[in-house]
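Before any comments, here is the structure.
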Amino acid sequence: MALVANGLAGNKNKGEREKNDFYPTPPHATESLLNRVNFEGSVWEPACGDGAICKVLEEKEYKVYATDKYDRGYGVYDIDFLTWDWTKTFNHRPANIITNPPYKIAQEFVERSLECTTGKVAMLLKLNFLESARRYEMFNNTPLKHVLVFSKRLNFYEGTLEGNKRSGVLAFAWYVWEHGYEGQPQIDWIL
């Protein structure tokens, strides 16, 4: 999920990291993704938290599976996405995953998501996720199709309401992988 001031996206802007990287996704961030990318079939949200992404997906009439490692009052909890045997719950590979993963294990979430799905994987991540030699190798070996950069920084602070004029401290983007895609990633901006 998103991160904290002075490197992450913070606990009321005090530079403190939220417990377990829990930063609910603003609804307009998910709506922006759905306005740009079509997802066919069901969607699994493996870091569902309080259901922020799921609620938008459900409003758009997607069939949604919601799981999380922690109980935050939404979905099925005690499911560690990185180690859980998803075949015990799903009788087929889920089509899509859309999530805002804990940033400290984001690459592991990407790799695991690509193993589990048949359609698309969308991750809300810091823009600087594009950096690092380790991730360079991952990007060269996975079907990254879109990087959709928010032109206005997202605000993950507690109490953020739609229309709040405060912006966040970090740049974020939706990274979208599509099974079978073989071209270079396409960059675009969300206004």
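The values are calculated or read from the model by the stated rules, or taken from the named source; none is laboratory data. Here the structure is a predicted model, which means the values were calculated and not measured. All Cβ positions, even for glycine, are placed from backbone atoms using ideal geometry, and neighbour counts span all protein chains on display.
Of all the criteria given as (1) within 17 Å of the chain's Cα centre (by Cα); (2) in a loop (DSSP other than H, G, I, E, B), the one not satisfied by Phe90 is (1). Please specify each residue of region 62-71 satisfying the condition of being surrounded by 14 or more Cβ atoms within 10 Å (Cβ to Cβ) and over 17 Å from the mean Cα position of the chain (by Cα). Across region 62-71, there are no qualifying residues.
Residue count for region 31-56 under the criterion of being assigned to a helix (DSSP H, G or I) and more than 21 Å from Val76 (Cβ to Cβ): the result is 6.
Looking only at residues of region 37-87 that are in contact with a Cys (Cβ under 8 Å, 6 or more places away or on another chain) and aromatic (Phe, Trp, Tyr), we find that the one that is nearest to Ile190 (Cα to Cα) is Trp44.
Right, Pro101: of a type outside the set (Asp, Glu), touching a helix residue (DSSP H, G or I) at 6+ places or on another chain (Cβ under 6 Å) and on the phi < 0 side of the Ramachandran plot or not?
Working: of a type outside the set (Asp, Glu): yes; touching a helix residue (DSSP H, G or I) at 6+ places or on another chain (Cβ under 6 Å): yes; on the phi < 0 side of the Ramachandran plot: yes.
Considered against the rule, which asks whether it is of a type outside the set (Asp, Glu), touching a helix residue (DSSP H, G or I) at 6+ places or on another chain (Cβ under 6 Å) and on the phi < 0 side of the Ramachandran plot, Pro101 comes out as yes.
Mind listing just one residue for me: the one in region 101-136 that is assigned to a helix (DSSP H, G or I) and of a type in the set (Lys, Arg) and, of those, surrounded by the fewest Cβ atoms within 10 Å (Cβ to Cβ)?
The first filter runs over region 101-136 and keeps only residues assigned to a helix (DSSP H, G or I), leaving 103-116, 127-130, 133-136.
From the residues that got through so far, the ones that are of a type in the set (Lys, Arg) too are 104, 112, 134-135.
Details: Lys104: 12, Arg112: 20, Arg134: 8, Arg135: 16.
Filtering first and then ranking leaves Arg134.
From the list Glu108, Glu59, which one is at pLDDT 95 or above and more than 15 Å from the chain's Cα centre (by Cα)? Selected residue: Glu59, the only one of Glu108, Glu59 that is at pLDDT 95 or above and more than 15 Å from the chain's Cα centre (by Cα).
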